[in-house]
1. Determine, yes or no, whether Phe342 is among the aromatic types (Phe, Trp, Tyr), away from the ligand (no atom under 16 Å from the Cβ) and assigned to a helix (DSSP H, G or I).
2. Let me spell it out: the conditions are (1) more than 23 Å from Glu250 (Cα to Cα); (2) buried (at least 24 other Cβ atoms within 10 Å of the Cβ); (3) among the charged types (D, E, K, R), and Glu72 meets all of them except one. Which number is the exception?
3. Return the residues of region 172-226 that are assigned to a loop (DSSP other than H, G, I, E, B) and of a type outside the set (Gly, Ala, Ser); say none if nothing qualifies.
4. Got at least one residue in region 56-79 being assigned to a loop (DSSP other than H, G, I, E, B), within 16 Å of the ligand (Cβ to nearest atom) and not assigned by TED's automatic domain parsing to the domain that holds Asn368?
5. Looking only at region 164-193, which residues are closer than 18 Å to Asp141 by Cβ and modelled with pLDDT under 95?
6. Exactly one condition in (1) of a type outside the set (Phe, Trp, Tyr); (2) within 16 Å of the ligand (Cβ to nearest atom); (3) over 11 Å from the mean Cα position of the chain (by Cα); (4) crowded, with 24+ Cβ neighbours inside 10 Å is not met by Met88; state its number.
7. Only one residue in Ala111, Ala42 is in a helix (DSSP H, G or I) and out of contact with any Phe, Trp or Tyr (no Cβ under 7 Å at 6 or more places or on another chain). Which one?
8. Being among the polar types (S, T, N, Q) and either within 8 Å of the ligand (Cβ to nearest atom) or surrounded by 17 or more Cβ atoms within 10 Å (Cβ to Cβ) (or both) is the filter; apply it to region 132-169 and report the residue that is farthest from the chain's Cα centre (by Cα).
Amino acid sequence: MTESDDIAEIRRAVRSLCAEFPGEYWRAKDRERAYPGEFVDALTKAGFLAALIPEEFGGSGLKLDAAAVIMEEIQSSGCNGASAHAQMYIMNTLLRYGSAGQKAQYLPGIADGSLRLQAFGVSEPTSGTDTLSLRTVAVRDGDHYVVNGQKIWTSRAEHSDLMLLLARTTPRDEVKSKTEGLSIFLVDMREAVGSGLTIKPIRTMMNHSTTEVFFDELRIPASSLIGEEGKGFRYILSGMNAERILIAAECVGDAKWFIEKATDYAKDRSVFARPIGQNQGVQFPIARCYAQMRAAELMVHHAAAVYDRGGNPGEEANMAKLLASEASWAAADMCVQTHGGFGFAEEYDVERKFREARLYTVAPISTNLILSYLAEHVLGLPRSY
Ligand SMILES: Cc1cc2nc3c(=O)[nH]c(=O)nc-3n(C[C@H](O)[C@H](O)[C@H](O)COP(=O)(O)OP(=O)(O)OC[C@H]3O[C@@H](n4cnc5c(N)ncnc54)[C@H](O)[C@@H]3O)c2cc1C
């Protein structure tokens, strides 16, 4: 695949920024479960997180394919874009469905990084993947909505000024279709924390700054509503394709990191008086992961191209996410195996990247749910749930 000079330049620029944040930086953050604020600030300052914001609002107005390259390079450099990726794509819902006033109010700040919009409140503890059963409610009261309920896995909530929140505004038994009656709000967390919004961190196997969020009679201005009341599920769905393509690009980047790391180690490590990489038993798993990664990479670029042409890439975005998350996880496992005992040693970064890569066959959508989408919506098999 030959790339344009612009894309090659983006790759070079991201790589050079990431070189300032080597393994020791990430290991220290990982140990403390600390937010990599310096890294996120550097990405923001360089304008990378504003890649998809149109130029009229202060962003660089790039296509999704270019944004995907940014995320891929971050991961293939050994950094962790999960600390910031949502700043790139959550604003999509505001851009597509927000009023002119909302866009003018928020997008320039999101573009220059003075406003962080990187918390996405969809998942709930009781409903899980069944988003339409979510229980958080927003009830109109004059010029306000009053929000009650709970979200879980709301990542980066402690490091975000704004949250995009999905809540039910009409009870499920009062709407014709269960996809109706959900609405999207842009919640200003700077005002809400301590006045009805409580954030509790969740410690996970990797450094991910995820949280649970409690809403107790939180009053938000009615002007926080994005688009039309009751249409929020449709708005969220349309933003998810971009999110899946970008996360898939991150997985391709992770796979590249694991493959390079394993290849270098297999050339270097000598056992039985020859490099371990001379044994086909060591070579073949690396070569297989390479082929798997390249196939996933093609699907990511194809999905991004469909998106950039204005098409509906539901099928392609889901397949890209499925294939790329499986390719990165296979490469992670292979990389540990190639390193033998050293795969478990913190200083090699393999075990950290291994833990980080594990997430993506579960979130932001699990493999089973993607297969279910393909089975039902692409192959026409009967709906199973
Ligand atoms: C670190 C982390 C960060 C996250 N960040 C965010 C965030 O910022 N915002 C947000 O809203 N959410 C976030 N999530 C939530 C994430 O999107 C969900 O965890 C994911 O969608 C799976 O949902 P669940 O955990 O409720 O699993 P469940 O829905 O409980 O499912 C459990 C398992 O059962 C399977 N399953 C369920 N139903 C079916 C079925 N009908 N057929 C076949 N298999 C089925 C699933 O595939 C899964 O493997 C995050 C999660 C994690 C772990």
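The values are calculated or read from the model by the stated rules, or taken from the named source; none is laboratory data. Note that the coordinates shown come from a computational prediction; the quantities given were computed from them, not determined experimentally. Cβ sites come from the backbone with ideal geometry, for glycine too, and all protein chains shown count toward neighbours.
1. Values: among the aromatic types (Phe, Trp, Tyr): yes; away from the ligand (no atom under 16 Å from the Cβ): yes; assigned to a helix (DSSP H, G or I): yes.
Taking the combined requirement at face value, the residue satisfies it.
2. Result: Glu72 passes all but (1).
3. To start, the set of residues in region 172-226 that are assigned to a loop (DSSP other than H, G, I, E, B) comprises 175-181, 194-196, 203-209.
Answer for region 172-226, where residues must be assigned to a loop (DSSP other than H, G, I, E, B) and of a type outside the set (Gly, Ala, Ser): Val175, Lys176, Lys178, Thr179, Glu180, Arg203, Thr204, Met205, Met206, Asn207, His208.
4. Here is the first cut: in region 56-79, the ones assigned to a loop (DSSP other than H, G, I, E, B) are 58-63, 77-79.
Adding the requirement that they be within 16 Å of the ligand (Cβ to nearest atom) leaves none.
No, region 56-79 contains no residue that is assigned to a loop (DSSP other than H, G, I, E, B), within 16 Å of the ligand (Cβ to nearest atom) and not assigned by TED's automatic domain parsing to the domain that holds Asn368.
5. Residue satisfying the conditions is Glu191 alone.
6. (3)
7. Values: Ala111 fails: out of contact with any Phe, Trp or Tyr (no Cβ under 7 Å at 6 or more places or on another chain).
One residue alone meets the criteria, Ala42.
8. To start, the set of residues in region 132-169 that are among the polar types (S, T, N, Q) comprises 133, 136, 148, 150, 154-155, 160, 169.
In the following step, the residues that additionally are either within 8 Å of the ligand (Cβ to nearest atom) or surrounded by 17 or more Cβ atoms within 10 Å (Cβ to Cβ) (or both) were identified as 136, 150, 154-155, 160, 169.
Details: Thr136: 23, Gln150: 21, Thr154: 12, Ser155: 10, Ser160: 15, Thr169: 26 Å.
In this case the residue turns out to be Thr169.
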